[in-house]
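Novice: One structure is given below, represented as structure tokens, and several questions about it will come after.
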Amino acid sequence: MRKRFIEEDTHIKTYDSKLARRLLQEIAPYRRQVIIAFVFLVMTSLLSLVGPYLIKVAIDEYIANNDMAGLINIVIFFVGVLLLQYITAYIRIYYTQYVGQKSMYSLRVKLFSHIQKLPVSFFDRNPVGRVMTRVTNDIEVLNELFSAGVITIFGDLLMLFGIIVLLLFLNYKLALVAFSVLPLLVFITLAFRKIMRESYRNTREKTAKVNSFLQENITGMKIVQLFARESNRHKNFTTINEEYKNAFFKTITAYSLFFPMIELLGSISIALIIYYGGIQLLGEKLTLGALVAFVEYLRKFFVPIRYLTEKYNILQSAMASSERVYKLLDAATEEDVPMTAESGQRFRGEIEFKDVSFAYVDDEYVLKNISFKINAGERVAFVGATGAGKTSIINLISAFYKIQKGEILIDGRDIYSYPKEQLRKNLGVVLQDVFIFSGTILENITLNKKGISLEQVERACNNTYVCDFIEKLPKRYGELVGERGAVLSAGQRQLLSFARVLIYNPTVLILDEATSTVDPHTEYLIQKATEKLMEKRTSIIIAHRLSTIQNVDRIFVFHKGCIVEIGTHEELYAQKGVYYKLHQLQYKNFTSDVKE
Amino acid sequence: MGNSIKQYMKPYLPRYAAGFFLLILTNAFALFVPWVLKYAIDDLREEVTHQKLVLYASAIVGATFVQGFFRFLSRQTLLKSSHMIQFDILNDYFGHLLRLPMSFYDKNKTGDLISLATNDLKSVRMMSGVGVMNIMNTLIIVTLTFLLLLMLNVKLTVLSLLPFPFIAIFVKRYSALIHKGYKSVQEEFSKINTKVHENVSGIRVIKAYTGHESEINDFEERCESYLTQNMRIAKLWGTVFPLIGALAGIGTLIVLWVGGGEVIGGRLTIGELVAFNAYLAMLLWPMIALGWVLTLFQRSKVAMGRISRIFDVEPEIADIDDASDTEIFGDIKIEDLSFSYTPEASLVLKDVSFEIKRGEKVAIVGPTGAGKTTLINLIARLYKVDDAKIFIDGKDINSINLKSLRQSIGFVPQETFLFSDTIGGNIAFGVGTASKEELEKYAKISDLLENIEEFPLNFDTYLGERGVNLSGGQKQRTTISRGIIHNPNILILDDATSNVDVITEERIVSRLEREMTGSTLIMVSHRIATVMSFDRIVVIKEGMVEAVGTHDELIGRPGTYKEMYKRYLIYKELDLREEG
């Protein structure tokens, strides 16, 4: 679905010079093509003015003098003009499209790259749909501005100007008479521009209102029906629908008045030519051919004026879109330090938290004065009730967020002093909800990275016990998964994400175990694969499974944002403290699918 | 309720007829102008008087004025019709949606339903307005102009119209290509869309695996094929679009060549030549627009087909004929109730039977996914239930008037959906309007009043983007107030206090018990602390009733409830909330 339903703001700025300058910068690299497009635009416009002049010559010099041979010469010349016009128009269209498409391509890629660098907290605040609209629809609107709007406005204005000059040149007195309606034309156009801007804004507003009403009431349909408010809602909708209709009625009326008015002015102009031209002709100051040419030119003059206001609307929406696009481009990126020669080094994998406090918002602390040290190669498990702060630790070790207090050290160095790329290349994170991208199994394991051989992938899948499943798929590693592909079970997804990690070969493994229940066989495979993953790595497991807990060196017990107990399973169990109780909660009876 | 475009256009047939008639008048006067021009020019060549010039000039202005008048009326008549049709369809569409049951909304995405009301309906509107107007206009202009051209000169007419069929064939072939091209552009565009959607949704994974570079590369590739497709279209456009200009040129060319010859041969006057050229120019645009209009008709047919599919869905929950308004007291009896969301899906509820007397406080507990929410959704008849499975006050639920049933139920669902209205408007949702005293009373029961008094405009404070953002707990408490303001005889709370702290929760429950005396209270909960004091507790596990009894009875025997109670004790020791 292409259109966004709820416009974020229906208020549109007409023209913003700062925005316009930034937009012009986007086409700056294509200066050469812009010039070509412009030259050919001028040529097309000028060539379209040749026709009426040729008619004049034909009438005055050949038809009036019964010169058939001369007439044929004019006709041949005209054929040439038409051909040239056709070619120039082709080149103009090609190059304007080229500039528009190319520059929007760059802008789109630039925007997408920028999004990759935004901090995770940005995505907490901005819904996916909004970010998506910027990259897709808003840039599409700008594209339209380049390919249809601005350039043709130039062409139209150029033609209008050309006609004025030509008529003055042909017969300046008559031209002045013909253009005596111009002030009125300007006045009417300006007046209507105002009305149309107003009604355009109004229709957009009312459209947004209908859309958001539908959005809200379809989403809340359960509430509407539960409270038996159907007739009331329908009545409200009828009112909004009526407003929507009336907004368009106004626009229709405005255009219905505007078009005939322009036409009327055009014919007043032609009538004046007939009258004054007739008098001049009688006084032999004007030829018949020139009079005919005048009439033809005036006809050409009034056509583009009708459409100028419509193009003005394109300009308006483009301004609104560019404002949104640039706002996103201006959003601050994740703080980072540049990669250096030694950034390629692998970590030893020692992690230390020193008195760390952290809050996602204001001072609602989810971690309070946490201190611990995990040695290189050690295996630890984090346990605790929901909301105890375990997942926040993952986010912090990945440097997705900044801490408010304390220090996080990896191999004895502050975590924020490492380039993000180095840091994350050393971390292998498995999130609780495995995200599957639409694409093939292979792409989901390699995450589209080049230079990973199928053999490597196969080995990883073998080690994580997901190959049996993949081998059974008709297209094996080429099988499509995700939105339009095969549906994977929770267990298969986890195993797939394990393969991701193995390929990635990190120094530190951080695994947030999924809580979803899987069948006993898959459960067994997950256990074995987890063992493989932990081999020769510093491993942090956020544990929901008893089996993993028994295989780790130490268990950290989280409680309300603090670490309250540390020790092995046996030690903690014997303590009969928080761990003992949590253990009873999590592993007795209720999680009957877990085998001890 | 209809579902074909013809049906919706039918009431406006008189308008369309009037529009057609007005268009004939419009064009008649429009075609009058070149005819005047013909006389003027021919007269100018011979001899002309001052009076005659004035006459011609005023005839041109007069004709254009009258033409403009009719043009105005015809546009008003025809274009407004299309918006009236859109209004009708949209109204029926929403009205229909209101009657469709929840099972429909489980299957259809909100986005798709809105897209039908916007994008697809727009195609229908364009067709019934601009489309119809253009078709009529083309028909009239082509007929009238053709007659006039023949009247002027038969030979010239035949010759000058000669290129039209060739160009029509050429344009048709190319527009097929362009249409195909646009389809691939659309496909490429939706690939970009999907890419961005997935990238942003999975940004944490991408960041964690430093996948941004390959993501950018992949995105670039997609944008590049989008670019290539667009440039292919640009080339096609570049070939076809200048033809419009060229076509006009070719017409003039033939007029000049053949017509000039005719003038020289004395078979045509210069005035006639000029008029001929003008008429030919008038033919051009309607012919070009025809292709566009035809695609418009095709597209609107497809669009209306999609909209009709929604209209064709029968509301499966509707009142039977003799369902009358009845007062409901709140005795509920469930007998051998089994339920699945779709015929193919497995059963969510299996042979559930139990009874609730009016005024009783009953809790429904059990593990996640046991079918608790489904059960209470069925009591509110949000899904279709088989006959003789659920009885309210001894009557089969399917025979009770839907409105009476739902107005007797106060339902507080799990999801805290609120409308973008004032907080007062949200609380009074079920009753329309409520006095300040009422609002205060019910806000107090759900322990919300103090929060509201802190808001700048009290109950008139807007929620959402335009106003304050409520916390999860505040939202839940708002939905509780909303669920009780109409003083329902049956109050159903579906885990409605999960975001409220324990002390507040206790306060709310005890206030509910005090204020809603006489009402049946059904509460789905995960927490022993909340349900301990209830008259009866129904334990649901894997879609079946495991046990029914009081707290004391249930902890006395092994089973799910006893396990939950043990867990509750540990949570209490740990000073933690119970988890679902």
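The values are calculated or read from the model by the stated rules, or taken from the named source; none is laboratory data. Given the structure is predicted, the values throughout are model-derived calculations rather than measurements. Cβ placement follows ideal geometry from the backbone for every residue including glycine, while neighbour counts extend to all protein chains displayed. Keep in mind that these areas ignore ligands, DNA and RNA; they rest on the heavy atoms of the full protein, side chains included. Shrake-Rupley method; radii C 1.70, N 1.55, O 1.52, S 1.80 Å.
Novice: Could you please let me know if B:Lys10 is open to solvent by 70 Å² or more (accessible area, probe 1.4 Å) and either of a type in the set (Lys, Arg) or modelled with pLDDT of 90 or more (or both)?
Specialist: yes
So that you can scan it fast, the table gives a plain yes or no per residue for (1) assigned to a helix (DSSP H, G or I); (2) closer than 24 Å to B:Tyr565 by Cα:
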residue	(1), (2)
B:Gly359	no, no
B:Ile364	no, yes
B:Ile376	yes, yes
B:Arg381	no, no
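Novice: So which of B:Ser346, B:Ser300 ends up being away from chain A (no Cβ under 12 Å), among the polar types (S, T, N, Q), surrounded by fewer than 21 Cβ atoms within 10 Å (Cβ to Cβ) and out of contact with any Phe, Trp or Tyr (no Cβ under 6 Å at 6 or more places or on another chain)?
Specialist: So the residue among B:Ser346, B:Ser300 that is away from chain A (no Cβ under 12 Å), among the polar types (S, T, N, Q), surrounded by fewer than 21 Cβ atoms within 10 Å (Cβ to Cβ) and out of contact with any Phe, Trp or Tyr (no Cβ under 6 Å at 6 or more places or on another chain) is B:Ser346.
Novice: Applying the selection to the range B:385-423, what residues are touching a Phe, Trp or Tyr at 6+ places or on another chain (Cβ under 9 Å) and either open to solvent by 40 Å² or more (accessible area, probe 1.4 Å) or more than 10 Å from every other protein chain (Cβ to nearest Cβ) (or both)?
Specialist: Within the range B:385-423, B:Val385, B:Asp386, B:Lys389, B:Ile392, B:Asp393, B:Ile397, B:Gln407, B:Ser420, B:Asp421, B:Thr422, B:Ile423 qualify.
Novice: Of these, B:Ser201, B:Ser160, which one is in contact (Cβ under 8 Å) with a residue 12 or more places away in the chain, farther than 30 Å from B:Gly19 by Cα and touching a helix residue (DSSP H, G or I) at 6+ places or on another chain (Cβ under 9 Å)?
Specialist: B:Ser160
Novice: If we keep just the residues of the range A:75-97 that are touching a helix residue (DSSP H, G or I) at 6+ places or on another chain (Cβ under 8 Å) and more than 7 Å from every other protein chain (Cβ to nearest Cβ), which is most open to solvent (accessible area, probe 1.4 Å)?
Specialist: Residues of the range A:75-97 that are touching a helix residue (DSSP H, G or I) at 6+ places or on another chain (Cβ under 8 Å), as a first pass: A:75, A:77-79, A:81-82, A:84-86, A:88-97.
Subset that is more than 7 Å from every other protein chain (Cβ to nearest Cβ): A:77, A:81, A:84, A:88, A:91-92, A:95-96.
Values: A:Phe77: 120, A:Val81: 12, A:Leu84: 85, A:Thr88: 3, A:Ile91: 42, A:Arg92: 33, A:Tyr95: 62, A:Thr96: 7 Å².
The qualifying residue most open to solvent (accessible area, probe 1.4 Å) is A:Phe77.
Novice: Assess whether A:Ser147 counts as being over 30 Å from A:Ile274 (Cα atoms), surrounded by 18 or more Cβ atoms within 10 Å (Cβ to Cβ), within 9 Å of chain B (Cβ to nearest Cβ) and not basic (Lys, Arg).
Specialist: yes
Novice: Among the numbered criteria (1) of a type in the set (D, E, K, R); (2) within 14 Å of another protein chain (Cβ to nearest Cβ); (3) touching a residue at least 12 places away in the same chain (Cβ under 8 Å), which one does A:Lys405 miss?
Specialist: (2)
Novice: Now for a separate question. Run down A:Ala191, A:Ala175 and say which single residue is part of a helix (DSSP H, G or I), at pLDDT 85 or above and open to solvent by less than 30 Å² (accessible area, probe 1.4 Å). Walk me through how you get there before you give the answer.
Specialist: Details: A:Ala191 fails: open to solvent by less than 30 Å² (accessible area, probe 1.4 Å).
Answer to the check: A:Ala175.
Novice: Continuing with this model, one more query. Could you please let me know if B:Asp112 is more than 8 Å from every other protein chain (Cβ to nearest Cβ) and among the charged types (D, E, K, R)?
Specialist: Considered against the rule, which asks whether it is more than 8 Å from every other protein chain (Cβ to nearest Cβ) and among the charged types (D, E, K, R), B:Asp112 comes out as no.
Novice: Condition check: over 19 Å from B:Val352 (Cβ atoms) and in contact (Cβ under 8 Å) with a residue 24 or more places away in the chain. Does B:Val385 satisfy that? Steps first, please.
Specialist: Values: over 19 Å from B:Val352 (Cβ atoms): no; in contact (Cβ under 8 Å) with a residue 24 or more places away in the chain: yes.
Here the answer is no, as B:Val385 does not meet what is asked.
Novice: What pairs come up if the first residue lies in the range B:210-238 and is facing chain A (nearest Cβ under 7 Å), the second is open to solvent by 70 Å² or more (accessible area, probe 1.4 Å) and assigned to a helix (DSSP H, G or I), and their beta carbons are under 6 Å apart, counting only those six or more places apart or on different chains?
Specialist: As it stands, the answer is B:Thr210/A:Lys425; B:Gly238/A:Tyr90, since those pairs meet every condition given.
Novice: Residue by residue through the range A:365-412, note down the ones that are open to solvent by 10 Å² or more (accessible area, probe 1.4 Å) and closer than 20 Å to A:Asn551 by Cα.
Specialist: Within the range A:365-412, A:Phe372, A:Lys373, A:Asn375, A:Ala376, A:Gly377, A:Glu378, A:Arg379, A:Lys390 qualify.
Novice: Taking the condition within 20 Å of B:Glu440 (Cα to Cα), assigned to a helix (DSSP H, G or I) and touching a strand residue (DSSP E or B) at 6+ places or on another chain (Cβ under 7 Å), does B:Gly483 pass?
Specialist: The answer is yes for B:Gly483.
Novice: Then there's this: Please work out which residue is nearest to B:Arg99 (Cα to Cα), limiting yourself to the range A:213-237 and to residues that are open to solvent by 40 Å² or more (accessible area, probe 1.4 Å) and more than 7 Å from chain B (Cβ to nearest Cβ).
Specialist: A:Ser231
Novice: Follow-up question, since we're still on this one. Among the residues of the range A:319-326, are any in contact with a Phe, Trp or Tyr (Cβ under 7 Å, 6 or more places away or on another chain) and either without any contact (Cβ under 8 Å) to a residue 40 or more places away in the chain or open to solvent by 60 Å² or more (accessible area, probe 1.4 Å) (or both)? Can you show your working first?
Specialist: Residues of the range A:319-326 in contact with a Phe, Trp or Tyr (Cβ under 7 Å, 6 or more places away or on another chain): A:319.
When the remaining residues are screened for being either without any contact (Cβ under 8 Å) to a residue 40 or more places away in the chain or open to solvent by 60 Å² or more (accessible area, probe 1.4 Å) (or both), the result is none.
The answer is no, given that none of the residues of the range A:319-326 is in contact with a Phe, Trp or Tyr (Cβ under 7 Å, 6 or more places away or on another chain) and either without any contact (Cβ under 8 Å) to a residue 40 or more places away in the chain or open to solvent by 60 Å² or more (accessible area, probe 1.4 Å) (or both).
Novice: Is there a residue being of a type in the set (Gly, Ala, Ser) and free of Cβ contacts under 8 Å to residues at least 60 places away in the same chain anywhere in the range B:549-557? It would help to see each step written out before you state the result.
Specialist: Within the range B:549-557, the subset of a type in the set (Gly, Ala, Ser) is B:549, B:556.
Okay, now just the ones that are also free of Cβ contacts under 8 Å to residues at least 60 places away in the same chain, so B:549, B:556.
Yes, that holds for at least one residue.
Novice: Somewhere in the range A:243-266, is a residue outside any helix (DSSP H, G or I), open to solvent by less than 40 Å² (accessible area, probe 1.4 Å) and at the interface with chain B (Cβ under 10 Å from one of its Cβ atoms)?
Specialist: no
Novice: For the range A:100-144, how many residues are closer than 17 Å to B:Ser225 by Cα and hydrophobic (A, V, I, L, M, F, W, C)?
Specialist: The number of residues fulfilling the criteria is 6.
Novice: Here is a follow-up. Let me confirm something: among A:Gln101, A:Gln25, which residue is facing chain B (nearest Cβ under 8 Å), under 35 Å from the mean Cα position of the chain (by Cα) and either surrounded by fewer than 18 Cβ atoms within 10 Å (Cβ to Cβ) or under 25 Å from B:Ile216 (Cβ atoms) (or both)?
Specialist: Sole residue among the options that is facing chain B (nearest Cβ under 8 Å), under 35 Å from the mean Cα position of the chain (by Cα) and either surrounded by fewer than 18 Cβ atoms within 10 Å (Cβ to Cβ) or under 25 Å from B:Ile216 (Cβ atoms) (or both): A:Gln101.
Novice: Give just the number: which of (1) in contact with a helix residue (DSSP H, G or I) (Cβ under 7 Å, 6 or more places away or on another chain); (2) outside any strand (DSSP E or B) does A:Gly349 not satisfy?
Specialist: Going through the list (1) in contact with a helix residue (DSSP H, G or I) (Cβ under 7 Å, 6 or more places away or on another chain); (2) outside any strand (DSSP E or B), A:Gly349 breaks only (1).
Novice: Looking at A:Glu458, A:Glu483 in this structure, which one is surrounded by fewer than 19 Cβ atoms within 10 Å (Cβ to Cβ), modelled with pLDDT of 85 or more and more than 29 Å from A:Leu396 (Cα to Cα)? Talk me through it step by step, then tell me what you get.
Specialist: Working: A:Glu483 fails: modelled with pLDDT of 85 or more.
One residue alone meets the criteria, A:Glu458.
Novice: Shifting gears a bit: Only one of A:Val79, A:Val39, A:Val50 is free of Cβ contacts under 8 Å to residues at least 12 places away in the same chain and within 30 Å of B:Arg45 (Cβ to Cβ); which?
Specialist: A:Val79
Novice: Check the range A:333-345 and report whether any residue there is in contact with a Leu (Cβ under 8 Å, 6 or more places away or on another chain) and modelled with pLDDT under 90.
Specialist: At the first step, the residues of the range A:333-345 found to be in contact with a Leu (Cβ under 8 Å, 6 or more places away or on another chain) are A:333-334.
Keeping just the survivors that are modelled with pLDDT under 90 gives A:333-334.
Within the range A:333-345, one or more residues are in contact with a Leu (Cβ under 8 Å, 6 or more places away or on another chain) and modelled with pLDDT under 90.
Novice: Can you tell me which condition B:Gln67 does not meet? The list is (1) surrounded by 20 or more Cβ atoms within 10 Å (Cβ to Cβ); (2) among the polar types (S, T, N, Q); (3) under 13 Å from the mean Cα position of the chain (by Cα), and all the others hold.
Specialist: It fails just one condition, (3).
Novice: Being more than 30 Å from B:Ile250 (Cα to Cα), more than 9 Å from chain B (Cβ to nearest Cβ) and part of a helix (DSSP H, G or I): is that true of A:Lys110 here?
Specialist: Yes.
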